[in-house]
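Structure first, commentary second.
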Amino acid sequence: MKQTPINSGDPGDLTNKLKECQVMKRLRHNNICRFKMNFNSPTDLCMIFEYCDRGDLENYLKNQKGFMLSDQRIKKFIVEILLALEYLHSQSIIHRDVKPSNIFLKGKDYTIQLGDFGIAAQNDTGLRVVENVGTLAYQAPEVLEGTDYDTRADIWSLGCVVYNMFSYDIPFSALSEERLVEKIRFFPHRQLDTKVPQELRDLYEICMNKDYKKRPTAADLLGLDLIQKWAKETNCMNHQLLKCKGGAGPLGNKNKGQEAIDHYIAATKSALAEIQSKQSAGKSTNQATSPNESKLTNSRDPRRTNQSVIHQ
């Protein structure tokens, strides 16, 4: 159950929760946390959701105590998060706050349940959104720029979650919010360890393309031979995945799965090389990272999620 004070002093809190009720009432998907009902107590708006007995992904990762998740489990989580996002996006909804603490788990198979739709955006017109909301460390560059964005902002956030599942850290960190925004917008993201299988590193890279127009949609990704293979390996194959296979999106054309991945990775690496080139050119006058930041980053235990400086 979630409770929001009716008189919290911030009318935005109650507005967001009422919006969440309206959004959740009409969503029906195996990988989205099921909304049961809402009611008012004398002091609070109360929302009842289906119980997720395994908690959220953030705490699940913390409880691993330094042990890495298996590649198969991470693949399963990725497929199920994509299924939830593709369904949402097909309903013209952008989640806008995809992060481990909003991803819940239930049952013996740890089935993904995407939740917390308090700042989700309804986008019936097909036009892009121009509102800066969400958790800073997981926000896409276009969101931070204050320009228009679309459902692919959620794909960037998924990339951040993928990095978190492998490294127990986030792709960008800094000593201040202003510096963190600068890093996300202009600096290269952290790379996954080379011990991570190439196909998983490829998926991470195409999610983290700073140019959202070159970033795939959830439907594009579900249509890839790679994701279809993961779905079969982890027993996630269903009608929704079959519908996406061979779809009309730029990544969905038949027999173009690996070719499409190669195209997106090449575009991402090209953009990354350009950023690194500009960064190197300006090093004589502008250090990419202050000495204090370097010390903080290098001393961080990569297994702990609660060490990021900016955590919301």
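Every number here is computed from the coordinates shown, using simple stated rules; none is lab data. A quick note: this is a predicted structure, and the numbers were derived from the prediction, not measured. Cβ coordinates were reconstructed from backbone atoms using ideal geometry, including for glycine residues, and neighbour counts include every protein chain displayed.
Summary of values
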quantity	calculated
HN-Hα J in Hz across the range 41-54 - Karplus 6.51, -1.76, 1.60, θ = phi - 60°, x for Gly and Pro	8, x, 10, 10, 8, 10, 10, 9, 10, 4, 6, 9, 5, 9
Long-range amide H partners of residue 114 with built H, under 5 Å	32, 33, 104
For the range 2-49, fraction of C-alpha pairs farther apart than 16 Å, in %	38
Spin-label proximity, residue 145 to the range 168-199 - amide N less than 16 Å from point 7 Å beyond Cα toward beta carbon	181-189
